[in-house]
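To keep things clear, I will list the structure first and then write my remarks on it.
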Amino acid sequence: MLSIKDLRENYSKEELLEENLTKNPIDLFDLWFKMALAAEVPEPNAMILSTVSLERKPRSRVVLLKEYNKHGFSFFTNYQSDKGKDIELNNNVSINFYWSKLQKQVRIEGKAVKLHQEDNDSYFNSRPIGSQIGAVISNQSRPLEDRSELLKKFEEFDISKNIERPKNWGGYLVKPLVIEFWQGRPNRLHDRIKYIFKDSKWKYQRLQP
């Protein structure tokens, strides 16, 4: 039986060189994200979102990126969920993408701010009806005695009228302050480039692996 300590992958697909960097790291993220799409990476927009609780304990979960642009990275959730409450208290967050098929990782630190109501409505109305119902009936992160309770609420939901977005459901934009790109390399001599936003511009530095 193979021991966990013997599990290892030798990374050797690509390298990350300064000559291939972009001035704005979001442009580089765009290149990498499109590579993940082209490589048919399963759910390339899946990202680990980390927040800090009232007790100053880190909490992480997987959420889905729904948009990115020069301003940052957007996702949607219930504002009364654990992550929503964490962000309300402390909007410093971290998100992380890992595309094992490409041996690439992107780590982002920034501040999460709520999206405008118009953006929330637009995205909510574009969701499948089942997802809309789920957002309405679920008190996300709250205790549930029996799953049948939730299923009953779903089955009995009146779909004959327009489904309105719950006021406690919406999106966040993570405005990046740090973006680090990691490319796996042989012998664990990985390439790491960290961009830092300071004095209204991005600067980068190479880090030791």
Exercise. Starting from segment 133-152, take each residue that is farther than 27 Å from Asp121 by Cβ and list its partners that are surrounded by 14 or more Cβ atoms within 10 Å (Cβ to Cβ), counting only C-beta distances under 8 angstrom and pairs at least six apart or across chains.
Key: Leu144/Leu150
Quiz item: Is there any pair linking a residue in segment 197-209 that is within 16 Å of Leu16 (Cβ to Cβ) and touching a residue at least 24 places away in the same chain (Cβ under 8 Å) to one that is assigned to a strand (DSSP E or B) and of a type in the set (A, V, I, L, M, F, W, C), with Cβ under 6 Å and at least six apart or on different chains, and which?
Solution: Tyr204/Ile193; Arg206/Ile193
Quiz item: Since Phe154 meets every condition but one in (1) loosely packed, with under 15 Cβ neighbours inside 10 Å; (2) closer than 23 Å to Asp27 by Cα; (3) among the aromatic types (Phe, Trp, Tyr), which condition does it not meet?
Solution: (2)
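Of the residues Met1, Met35, which single one is within 22 Å of Tyr195 (Cα to Cα) and either surrounded by 12 or more Cβ atoms within 10 Å (Cβ to Cβ) or aliphatic (A, V, I, L, M) (or both)?
Numbers: Met1 fails: within 22 Å of Tyr195 (Cα to Cα).
From the options Met1, Met35, the qualifying one is Met35.
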Quiz item: Going by the structure shown, is Ser12 surrounded by fewer than 18 Cβ atoms within 10 Å (Cβ to Cβ), hydroxyl-bearing (Ser, Thr, Tyr), out of contact with any Leu (no Cβ under 6 Å at 6 or more places or on another chain) and under 29 Å from Lys198 (Cβ atoms)?
Solution: no
Quiz prompt | Residues of segment 22-48 classified as farther than 13 Å from Phe97 by Cα, touching a strand residue (DSSP E or B) at 6+ places or on another chain (Cβ under 7 Å) and not in a helix (DSSP H, G or I), total | solution = 2
Self-check item: Pick from segment 57-93, criterion in a loop (DSSP other than H, G, I, E, B) and buried (at least 18 other Cβ atoms within 10 Å of the Cβ), ranking: nearest to the chain's Cα centre (by Cα)
Solution: Leu65
Exercise. Please state which of the following conditions Thr51 fails to meet, knowing it meets all the rest: (1) farther than 15 Å from Val106 by Cβ; (2) over 18 Å from the mean Cα position of the chain (by Cα); (3) surrounded by 11 or more Cβ atoms within 10 Å (Cβ to Cβ).
Key: (2)
Exercise. Would you check if Gly130 is assigned to a strand (DSSP E or B) and at pLDDT 90 or above?
Key: no
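Output the residues belonging to segment 33-71 that are of a type in the set (Asp, Glu) and farther than 16 Å from Asn92 by Cβ. Don't jump to the end; show me each part of the working.
Restricting attention to segment 33-71, the residues satisfying the condition of being of a type in the set (Asp, Glu) are 40, 43, 55, 67.
Listed by number, the residues that qualify are Glu40, Glu43, Glu67.
Within segment 94-111, count every residue that is assigned to a strand (DSSP E or B) and either small (Gly, Ala, Ser) or closer than 19 Å to Gly170 by Cα (or both).
In the first step, residues of segment 94-111 are kept if they are assigned to a strand (DSSP E or B); the result is 94-99, 104-111.
With either small (Gly, Ala, Ser) or closer than 19 Å to Gly170 by Cα (or both) added as a condition, the list becomes 94-95, 110-111.
Total satisfying the criteria: 4.
The values are calculated or read from the model by the stated rules, or taken from the named source; none is laboratory data. Owing to the predicted nature of the structure, the values given are computational and were not obtained by experimental measurement. Ideal geometry is used to build each Cβ from the backbone, glycine not excepted, and the neighbour counts take in all protein chains shown.
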